[in-house]
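**Q** Sharing a structure below in C-alpha coordinates format, with a few things to ask.
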Amino acid sequence: VRPKTLADLFSKHVSREPITMITAYDYISGSWAQAANCDMILVGDSLAMCALGYESTTEISLEEFCFHVQAVSRSPGDAFIVVDMPFGSFESSIEKGVETAISLMKCSPKVGALKLEVGSHSLSTHNPDYSLKLAAELCSRGIPVMGHIGLTPQRVHSLGGYKVQGSRSAQDAAAIFETARQLKKLGCFSILVECVPHKVSQHITETLDIPTIGIGAGSGTSGQVLVQSDILGMLPGRVPKLAQKYTDLHAQSVDALKHYVADVTLHKFPDNDKNGFKIKEDVWREFL
Ligand code: KIV
(Lines give C-alpha, C1' and ligand atoms only; values in the text may rest on other atoms or scores of the structure.)
Protein backbone atom coordinates (compact mmCIF):
# COMPACT_ATOMS: atom_id res chain seq x y z
CA VAL A 1 0.00 0.00 0.00
CA ARG A 2 1.11 3.56 -0.74
CA PRO A 3 1.33 5.44 2.55
CA LYS A 4 -0.63 8.70 2.72
CA THR A 5 1.42 11.82 2.05
CA LEU A 6 1.29 15.44 3.17
CA ALA A 7 -0.32 16.22 -0.21
CA ASP A 8 -3.18 13.80 0.59
CA LEU A 9 -3.75 15.54 3.92
CA PHE A 10 -3.65 18.99 2.32
CA SER A 11 -6.16 17.99 -0.34
CA LYS A 12 -8.57 16.80 2.39
CA HIS A 13 -8.06 20.10 4.19
CA VAL A 14 -8.68 22.10 1.01
CA SER A 15 -11.84 20.16 0.15
CA ARG A 16 -12.99 20.51 3.80
CA GLU A 17 -13.16 16.74 4.30
CA PRO A 18 -12.43 16.07 7.99
CA ILE A 19 -8.99 14.55 8.64
CA THR A 20 -9.00 11.69 11.15
CA MET A 21 -6.18 10.97 13.59
CA ILE A 22 -5.90 8.46 16.47
CA THR A 23 -3.04 7.77 18.85
CA ALA A 24 -1.41 4.33 18.82
CA TYR A 25 1.20 2.93 21.17
CA ASP A 26 2.14 -0.50 19.82
CA TYR A 27 1.67 -2.93 16.92
CA ILE A 28 -1.86 -3.94 17.98
CA SER A 29 -3.26 -0.44 18.53
CA GLY A 30 -1.48 0.70 15.35
CA SER A 31 -3.09 -2.14 13.38
CA TRP A 32 -6.53 -1.24 14.77
CA ALA A 33 -6.12 2.41 13.74
CA GLN A 34 -4.94 1.32 10.28
CA ALA A 35 -7.83 -1.14 9.85
CA ALA A 36 -10.25 1.69 10.78
CA ASN A 37 -8.83 3.70 7.83
CA CYS A 38 -7.61 6.52 10.01
CA ASP A 39 -5.76 9.16 7.94
CA MET A 40 -3.08 9.77 10.55
CA ILE A 41 -1.65 7.89 13.52
CA LEU A 42 -0.03 9.82 16.35
CA VAL A 43 2.54 8.03 18.45
CA GLY A 44 1.88 10.50 21.23
CA ASP A 45 3.77 10.78 24.48
CA SER A 46 0.43 10.13 26.21
CA LEU A 47 1.62 6.55 25.83
CA ALA A 48 3.71 7.18 28.96
CA MET A 49 0.53 7.44 31.04
CA CYS A 50 -1.98 5.41 28.99
CA ALA A 51 0.18 2.41 28.06
CA LEU A 52 3.10 2.41 30.50
CA GLY A 53 1.44 3.60 33.71
CA TYR A 54 3.71 6.60 34.35
CA GLU A 55 2.22 9.49 36.32
CA SER A 56 3.24 12.08 33.74
CA THR A 57 4.25 12.26 30.08
CA THR A 58 7.52 13.83 31.24
CA GLU A 59 8.80 10.49 32.63
CA ILE A 60 9.29 8.53 29.41
CA SER A 61 12.80 8.31 27.95
CA LEU A 62 13.66 8.72 24.27
CA GLU A 63 14.83 5.08 24.12
CA GLU A 64 11.53 3.74 25.48
CA PHE A 65 9.65 6.03 23.15
CA CYS A 66 11.58 4.88 20.03
CA PHE A 67 10.77 1.26 20.88
CA HIS A 68 7.04 2.10 20.66
CA VAL A 69 7.46 4.19 17.50
CA GLN A 70 9.03 1.17 15.80
CA ALA A 71 6.24 -1.16 16.96
CA VAL A 72 3.49 1.18 15.67
CA SER A 73 5.39 1.67 12.40
CA ARG A 74 5.26 -2.09 11.78
CA SER A 75 1.43 -2.00 11.67
CA PRO A 76 0.17 -2.67 8.14
CA GLY A 77 -1.67 0.17 6.37
CA ASP A 78 -1.37 3.55 4.72
CA ALA A 79 -1.86 5.98 7.64
CA PHE A 80 0.50 8.97 7.83
CA ILE A 81 2.51 8.50 11.03
CA VAL A 82 3.33 11.48 13.26
CA VAL A 83 5.62 11.06 16.26
CA ASP A 84 5.91 13.22 19.39
CA MET A 85 9.17 14.81 20.55
CA PRO A 86 9.18 13.54 24.18
CA PHE A 87 9.96 15.83 27.12
CA GLY A 88 13.67 16.06 27.93
CA SER A 89 14.77 15.03 24.45
CA PHE A 90 15.01 18.47 22.84
CA GLU A 91 14.96 21.35 25.36
CA SER A 92 18.66 21.64 26.27
CA SER A 93 19.83 23.02 22.92
CA ILE A 94 18.89 23.35 19.28
CA GLU A 95 21.63 20.81 18.43
CA LYS A 96 20.15 18.28 20.85
CA GLY A 97 16.66 18.94 19.45
CA VAL A 98 17.85 18.41 15.87
CA GLU A 99 19.69 15.21 16.88
CA THR A 100 16.56 13.86 18.61
CA ALA A 101 14.41 14.76 15.61
CA ILE A 102 16.75 12.89 13.26
CA SER A 103 16.81 9.81 15.49
CA LEU A 104 12.99 9.78 15.67
CA MET A 105 12.68 10.11 11.88
CA LYS A 106 15.20 7.26 11.56
CA CYS A 107 13.17 4.96 13.88
CA SER A 108 11.29 3.81 10.79
CA PRO A 109 10.91 4.96 7.17
CA LYS A 110 7.17 5.06 7.91
CA VAL A 111 7.58 8.03 10.29
CA GLY A 112 6.28 10.98 8.24
CA ALA A 113 6.49 13.91 10.65
CA LEU A 114 7.21 15.02 14.19
CA LYS A 115 4.94 16.81 16.67
CA LEU A 116 6.44 19.48 18.90
CA GLU A 117 4.70 21.07 21.90
CA VAL A 118 5.11 24.82 21.67
CA GLY A 119 4.73 27.53 24.31
CA SER A 120 2.59 30.60 23.72
CA HIS A 121 4.34 33.36 21.81
CA SER A 122 4.54 36.23 24.27
CA LEU A 123 2.92 39.31 22.73
CA SER A 124 4.21 41.68 25.40
CA THR A 125 7.92 40.80 25.39
CA HIS A 126 8.28 39.71 21.77
CA ASN A 127 10.40 36.95 23.19
CA PRO A 128 9.69 33.91 21.06
CA ASP A 129 9.53 30.58 22.81
CA TYR A 130 12.57 28.28 22.37
CA SER A 131 10.36 25.62 20.77
CA LEU A 132 9.43 28.08 17.99
CA LYS A 133 13.13 28.42 17.18
CA LEU A 134 13.48 24.62 17.18
CA ALA A 135 10.41 24.24 14.94
CA ALA A 136 12.04 26.65 12.47
CA GLU A 137 15.34 24.73 12.56
CA LEU A 138 13.60 21.40 11.94
CA CYS A 139 11.44 22.77 9.10
CA SER A 140 14.55 24.33 7.50
CA ARG A 141 16.15 20.86 7.53
CA GLY A 142 13.20 19.33 5.68
CA ILE A 143 11.65 17.60 8.68
CA PRO A 144 7.86 18.02 8.60
CA VAL A 145 6.68 19.52 11.90
CA MET A 146 3.23 19.63 13.45
CA GLY A 147 3.19 22.38 16.09
CA HIS A 148 1.11 21.54 19.19
CA ILE A 149 -0.47 24.60 20.84
CA GLY A 150 -3.01 25.39 23.59
CA LEU A 151 -2.88 22.88 26.44
CA THR A 152 0.57 21.35 26.09
CA PRO A 153 0.84 18.59 28.74
CA GLN A 154 4.67 18.66 28.84
CA ARG A 155 4.33 22.24 30.21
CA VAL A 156 1.51 21.47 32.62
CA HIS A 157 3.32 23.10 35.57
CA SER A 158 4.02 26.35 33.72
CA LEU A 159 0.40 26.41 32.58
CA GLY A 160 -0.84 25.91 36.16
CA GLY A 161 -2.63 22.62 35.47
CA TYR A 162 -4.65 20.88 32.79
CA LYS A 163 -6.77 23.92 31.87
CA VAL A 164 -8.49 25.31 28.80
CA GLN A 165 -6.13 27.79 27.11
CA GLY A 166 -6.94 31.07 25.38
CA SER A 167 -10.29 31.60 27.09
CA ARG A 168 -9.64 34.02 29.96
CA SER A 169 -8.85 37.23 28.10
CA ALA A 170 -8.55 38.64 24.61
CA GLN A 171 -4.75 38.65 25.14
CA ASP A 172 -4.80 34.90 25.93
CA ALA A 173 -6.74 34.18 22.75
CA ALA A 174 -4.44 36.50 20.77
CA ALA A 175 -1.32 34.76 22.12
CA ILE A 176 -2.62 31.37 20.96
CA PHE A 177 -3.52 32.79 17.56
CA GLU A 178 -0.14 34.49 17.24
CA THR A 179 1.68 31.24 18.09
CA ALA A 180 -0.30 29.44 15.38
CA ARG A 181 0.51 32.24 12.90
CA GLN A 182 4.22 32.02 13.76
CA LEU A 183 4.24 28.23 13.33
CA LYS A 184 2.66 28.54 9.89
CA LYS A 185 5.22 31.23 8.97
CA LEU A 186 8.11 29.05 10.17
CA GLY A 187 7.02 26.23 7.87
CA CYS A 188 4.97 23.84 10.04
CA PHE A 189 2.72 21.71 7.83
CA SER A 190 -0.04 21.49 10.43
CA ILE A 191 -1.06 22.62 13.91
CA LEU A 192 -2.56 20.50 16.66
CA VAL A 193 -4.83 22.62 18.86
CA GLU A 194 -5.63 21.21 22.31
CA CYS A 195 -8.25 22.52 24.77
CA VAL A 196 -8.89 25.87 23.16
CA PRO A 197 -12.35 27.51 22.78
CA HIS A 198 -13.90 26.41 19.48
CA LYS A 199 -14.26 29.99 18.22
CA VAL A 200 -10.50 30.54 18.59
CA SER A 201 -9.54 27.28 16.87
CA GLN A 202 -12.02 27.89 14.04
CA HIS A 203 -10.55 31.37 13.56
CA ILE A 204 -7.05 29.85 13.38
CA THR A 205 -8.27 27.26 10.83
CA GLU A 206 -10.01 29.85 8.66
CA THR A 207 -7.14 32.35 8.77
CA LEU A 208 -4.11 30.09 8.23
CA ASP A 209 -4.20 27.87 5.17
CA ILE A 210 -2.70 24.75 6.78
CA PRO A 211 -4.58 21.80 8.30
CA THR A 212 -5.46 22.10 11.98
CA ILE A 213 -6.13 19.01 14.08
CA GLY A 214 -8.20 19.56 17.20
CA ILE A 215 -8.62 17.81 20.53
CA GLY A 216 -11.04 19.68 22.77
CA ALA A 217 -11.00 22.44 20.16
CA GLY A 218 -14.48 22.06 18.67
CA SER A 219 -15.73 21.10 15.25
CA GLY A 220 -14.20 23.95 13.24
CA THR A 221 -10.72 22.44 12.81
CA SER A 222 -9.61 20.54 9.68
CA GLY A 223 -9.50 17.27 11.60
CA GLN A 224 -9.79 15.60 14.98
CA VAL A 225 -7.47 13.51 17.15
CA LEU A 226 -8.32 11.44 20.22
CA VAL A 227 -6.37 9.16 22.50
CA GLN A 228 -7.15 5.56 21.50
CA SER A 229 -7.37 4.31 25.10
CA ASP A 230 -10.12 6.93 25.73
CA ILE A 231 -12.10 6.03 22.58
CA LEU A 232 -11.96 2.31 23.39
CA GLY A 233 -12.31 2.57 27.17
CA MET A 234 -9.10 0.60 27.69
CA LEU A 235 -8.61 1.95 31.22
CA PRO A 236 -11.23 2.00 33.98
CA GLY A 237 -12.96 5.25 34.87
CA ARG A 238 -14.38 8.23 33.08
CA VAL A 239 -12.78 9.75 30.03
CA PRO A 240 -12.08 13.51 29.81
CA LYS A 241 -14.92 15.82 28.63
CA LEU A 242 -13.13 16.41 25.32
CA ALA A 243 -13.18 12.68 24.43
CA GLN A 244 -15.84 10.16 23.52
CA LYS A 245 -15.86 6.55 24.72
CA TYR A 246 -17.19 4.32 21.91
CA THR A 247 -16.79 1.03 23.75
CA ASP A 248 -15.64 -0.32 27.11
CA LEU A 249 -12.70 -2.60 26.32
CA HIS A 250 -11.57 -2.61 29.96
CA ALA A 251 -14.86 -4.09 31.21
CA GLN A 252 -15.12 -6.49 28.25
CA SER A 253 -11.54 -7.67 28.67
CA VAL A 254 -11.77 -8.19 32.44
CA ASP A 255 -15.01 -10.11 31.90
CA ALA A 256 -13.40 -12.36 29.25
CA LEU A 257 -10.32 -12.93 31.43
CA LYS A 258 -12.54 -13.85 34.42
CA HIS A 259 -14.21 -16.49 32.22
CA TYR A 260 -10.79 -17.89 31.35
CA VAL A 261 -9.71 -17.95 35.02
CA ALA A 262 -12.97 -19.72 35.98
CA ASP A 263 -12.62 -22.27 33.15
CA VAL A 264 -9.07 -23.20 34.23
CA THR A 265 -10.08 -23.33 37.90
CA LEU A 266 -13.06 -25.60 37.12
CA HIS A 267 -11.03 -27.84 34.74
CA LYS A 268 -13.16 -26.71 31.78
CA PHE A 269 -10.13 -25.51 29.81
CA PRO A 270 -8.23 -26.92 28.05
CA ASP A 271 -10.35 -29.59 26.39
CA ASN A 272 -7.92 -32.25 25.17
CA ASP A 273 -10.00 -33.05 22.07
CA LYS A 274 -10.48 -29.40 21.08
CA ASN A 275 -7.27 -27.71 22.23
CA GLY A 276 -4.77 -30.57 22.65
CA PHE A 277 -2.29 -32.41 20.43
CA LYS A 278 -2.22 -36.18 19.89
CA ILE A 279 0.65 -38.65 19.98
CA LYS A 280 0.49 -41.83 17.81
CA GLU A 281 -0.51 -44.92 19.85
CA ASP A 282 2.64 -46.91 18.86
CA VAL A 283 4.95 -44.00 19.78
CA TRP A 284 3.16 -43.67 23.09
CA ARG A 285 3.43 -47.43 23.85
CA GLU A 286 7.13 -47.41 23.03
CA PHE A 287 7.62 -44.40 25.28
CA LEU A 288 5.89 -46.16 28.18
O1 KIV B 1 0.36 12.54 23.21
C2 KIV B 1 -0.81 12.66 22.83
O3 KIV B 1 -1.58 11.70 22.82
C4 KIV B 1 -1.26 13.98 22.38
C5 KIV B 1 -2.73 14.27 22.26
C6 KIV B 1 -2.96 15.66 21.89
C7 KIV B 1 -3.50 13.44 21.33
O8 KIV B 1 -0.46 14.81 22.15
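The values are calculated or read from the model by the stated rules, or taken from the named source; none is laboratory data. The structure presented is a predicted model; accordingly, all values stated were derived computationally and were not measured. All Cβ positions, glycine included, derive from the backbone under ideal geometry; neighbour counts span all protein chains shown.
**Q** Looking at P240, P236, which is the one that is within 16 Å of the ligand (Cβ to nearest atom) and either farther than 21 Å from G147 by Cα or assigned to a helix (DSSP H, G or I) (or both)?
**A** Criteria check complete, one pass: P240.
Per-residue answers, yes or no, for (1) outside any helix (DSSP H, G or I); (2) in contact with a Ser or Thr (Cβ under 7 Å, 6 or more places away or on another chain); (3) β-branched (V, I, T):
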{"site": "G214", "(1), (2), (3)": "yes, yes, no"}
{"site": "A217", "(1), (2), (3)": "yes, yes, no"}
{"site": "V261", "(1), (2), (3)": "no, no, yes"}
{"site": "R285", "(1), (2), (3)": "no, no, no"}
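**Q** What pairs come out if I take residues in the stretch 268-285 that are within 30 Å of K258 (Cβ to Cβ) and pair them with residues that are of a type in the set (V, I, T) whose C-beta lies under 9 Å away, six or more apart or interchain?
**A** Qualifying pairs under 9 Å: P270/V264.
**Q** Follow-up question, since we're still on this one. Restricting to the stretch 225-242, name every residue that is surrounded by fewer than 19 Cβ atoms within 10 Å (Cβ to Cβ) and in contact (Cβ under 8 Å) with a residue 24 or more places away in the chain.
**A** Those that are surrounded by fewer than 19 Cβ atoms within 10 Å (Cβ to Cβ) and in contact (Cβ under 8 Å) with a residue 24 or more places away in the chain: L235, P240, K241, L242.
**Q** Identify the residue in the stretch 174-197 that is more than 22 Å from P240 (Cα to Cα) and under 18 Å from the mean Cα position of the chain (by Cα) and, among all such residues, is surrounded by the fewest Cβ atoms within 10 Å (Cβ to Cβ).
**A** F189
**Q** Within the group G166, G214, which residue is touching a helix residue (DSSP H, G or I) at 6+ places or on another chain (Cβ under 8 Å) and within 12 Å of the ligand (Cβ to nearest atom)?
**A** Selected residue: G214, the only one of G166, G214 that is touching a helix residue (DSSP H, G or I) at 6+ places or on another chain (Cβ under 8 Å) and within 12 Å of the ligand (Cβ to nearest atom).
**Q** With the condition kept exactly as written, say whether any residue in the stretch 70-82 is of a type in the set (S, T, N, Q), surrounded by 17 or more Cβ atoms within 10 Å (Cβ to Cβ) and in contact with a Leu (Cβ under 7 Å, 6 or more places away or on another chain).
**A** No, the stretch 70-82 contains no residue that is of a type in the set (S, T, N, Q), surrounded by 17 or more Cβ atoms within 10 Å (Cβ to Cβ) and in contact with a Leu (Cβ under 7 Å, 6 or more places away or on another chain).
**Q** I'd like the full set of residues that are in a loop (DSSP other than H, G, I, E, B), surrounded by fewer than 18 Cβ atoms within 10 Å (Cβ to Cβ) and of a type in the set (A, V, I, L, M, F, W, C), limited to the stretch 28-46.
**A** Matches in the stretch 28-46: A36 only.
**Q** Right, another one. Do you know which residues across the stretch 19-37 are under 14 Å from L226 (Cα atoms) and either touching a Phe, Trp or Tyr at 6+ places or on another chain (Cβ under 9 Å) or not hydrophobic (A, V, I, L, M, F, W, C) (or both)?
**A** Listed by number, the residues that qualify are T20, M21, I22, T23, A24, Y25, S29, G30.
**Q** Considering each residue of the stretch 59-85, count those that are assigned to a loop (DSSP other than H, G, I, E, B), within 15 Å of the ligand (Cβ to nearest atom) and in contact (Cβ under 8 Å) with a residue 60 or more places away in the chain, and give that number.
**A** 1
**Q** Separate question: Looking at (1) modelled with pLDDT of 95 or more; (2) under 18 Å from K115 (Cβ atoms), which one does S56 not meet, given that it meets all the others?
**A** Here S56 meets the rest and fails (1).
**Q** Same structure again: Given the conditions (1) touching a residue at least 60 places away in the same chain (Cβ under 8 Å); (2) within 12 Å of the ligand (Cβ to nearest atom); (3) surrounded by fewer than 21 Cβ atoms within 10 Å (Cβ to Cβ), and given that M49 satisfies all but one, which numbered condition is not satisfied?
**A** That leaves (1) as the condition not met.
**Q** Then there's this: Among the numbered criteria (1) under 30 Å from A170 (Cβ atoms); (2) away from the ligand (no atom under 16 Å from the Cβ); (3) buried (at least 21 other Cβ atoms within 10 Å of the Cβ), which single criterion is violated by L138?
**A** Status for L138: all satisfied but (1).
**Q** Consider the stretch 111-121. How many of its residues are within 15 Å of the chain's Cα centre (by Cα) and away from the ligand (no atom under 14 Å from the Cβ)?
**A** Qualifying residue count for the region: 2.
**Q** Looking only at the stretch 224-241, decide whether some residue is over 15 Å from I22 (Cβ atoms), charged (D, E, K, R) and touching a strand residue (DSSP E or B) at 6+ places or on another chain (Cβ under 8 Å).
**A** no
**Q** Which strands (runs of 3 or more DSSP E) sit wholly inside the stretch 102-200 and have at least 2 residues that are free of Cβ contacts under 8 Å to residues at least 60 places away in the same chain and closer than 21 Å to C50 by Cβ?
**A** Counting at least 2 such residues, we get 111-117, 190-194.
**Q** A follow-up question, please. Taking the options Q165, Q171, name whichever one is assigned by TED's automatic domain parsing to the domain that holds F10 and buried (at least 20 other Cβ atoms within 10 Å of the Cβ).
**A** Checking each option against the conditions leaves just Q165.
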